[in-house]
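Accompanying notes for the structure given below.
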Amino acid sequence: MESEAYIALGSNMGNRVENLQRAINAISKLDKTSVVKMSRIYETEPVGYKEQDKFLNMVIMTKTGLKPLELLDKLQGIENMLKRKRIIHWGPRTIDLDILIYDNINIGLPRLTIPHPEMLGRAFVLIPLREIAPDMEFNHIGIDYFIEKCDDKEEVRIYNNV
């Protein structure tokens, strides 16, 4: 049975566009997984640790036969393949892959929380998510409400250098 999973992608080291493209290609080659929709790429300011380059962010929708923890393991494998280093919390990275939503399930495990716990306060996630899922709701509240509440929404700009 296929599930619908939304994945956020981010990069701020090296060739950011190439990092995103390589990650999408790798995700599309995962067993029982296909990329169905992709948002445009957005350039955003860093969150948390500010002494780093701007990020490119986007969201993709996948159909997958992988269970949530299997998908997480595969995404972390892709991060490793693309030389992701976890040195500074919220620090620079070649690629960051986060499962935002997996069907309509809620998971609260030490390794994985779905829906992503910080998603509703991050315009750099919500704006590209709205682009591919404009009718998305959280607790029966439309995505636009959450975007409007974000302080960083003005800092999320479409990246036209693709």
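A few points about this structure:
To keep it simple, each residue is scored yes or no on (1) modelled with pLDDT of 95 or more; (2) polar (S, T, N, Q).
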| residue | (1), (2) |
| --- | --- |
| Leu97 | yes, no |
| Ile101 | yes, no |
| Pro110 | no, no |
| Leu126 | yes, no |
| Leu129 | yes, no |
| Ile132 | yes, no |
| Asn139 | no, yes |
| Glu154 | no, no |
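- Options Asn25, Asn57, Asn80, Asn19: the member that is modelled with pLDDT under 95 and polar (S, T, N, Q): Asn80
- Search result, residues across segment 13-52 that are surrounded by 16 or more Cβ atoms within 10 Å (Cβ to Cβ), out of contact with any helix residue (DSSP H, G or I) (no Cβ under 9 Å at 6 or more places or on another chain) and over 27 Å from Lys67 (Cα atoms): Arg16, Pro46, Gln52
- Flag if Leu109 is of a type in the set (A, V, I, L, M) and surrounded by 12 or more Cβ atoms within 10 Å (Cβ to Cβ): no
- Every residue from segment 94-106 that is touching a Gly at 6+ places or on another chain (Cβ under 7 Å) and in a loop (DSSP other than H, G, I, E, B): Thr94
- The criterion of at least 3 residues that are among the hydrophobic types (A, V, I, L, M, F, W, C) is met, among strands (runs of 3 or more DSSP E) falling completely within segment 1-76, by 3-11, 33-38, 55-64.
The values are calculated or read from the model by the stated rules, or taken from the named source; none is laboratory data. Just so it is clear, the structure is predicted and the values come from calculations on it, not from any experiment. Quick reminder, even Gly has a Cβ in these numbers, built from the backbone with ideal geometry, and neighbours come from all protein chains shown.
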